[in-house]
Amino acid sequence: AYIYGPGGMPVEQLGPNGSVLYYLLDRQGSTIALTDESGHVLARYAYSAYGSLTCGPDPGPGLPQP
């Protein structure tokens, strides 16, 4: 399940074990990091000038995309 913020962007996700994961977004609304409830960074993401993902983990089955 996702919780959406202003502009319809996801800001929280309930993880598979009931934990809450937080999306950190840049000015364009692209996800740049995913953190847990304690603020620990679980994943970082980077993009090319054209928006292609250049750095970041495979989302895998536990972190489906909204």
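Summary of computed values
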quantity	calculated
Complete set of residues in the stretch 15-28 that are modelled with pLDDT of 85 or more and either within 16 Å of residue 43 (Cα to Cα) or surrounded by 12 or more Cβ atoms within 10 Å (Cβ to Cβ) (or both)	19, 20, 21, 22, 23, 24, 25, 26
Among the residues listed as 5, 62, 51, the single one being surrounded by 12 or more Cβ atoms within 10 Å (Cβ to Cβ) and modelled with pLDDT under 85	5
Close pairs from the stretch 16-28: first free of Cβ contacts under 8 Å to residues at least 60 places away in the same chain and closer than 15 Å to residue 2 by Cβ, partner among the acidic types (Asp, Glu) and part of a strand (DSSP E or B), Cβ under 6 Å, at least 6 apart	20/12; 22/12
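The values are calculated or read from the model by the stated rules, or taken from the named source; none is laboratory data. If you're wondering where the values come from, they're calculated on a predicted model, not measured in any experiment. Positions of Cβ are generated from backbone atoms using ideal geometry, with glycine treated the same way; all protein chains shown enter the neighbour counts.
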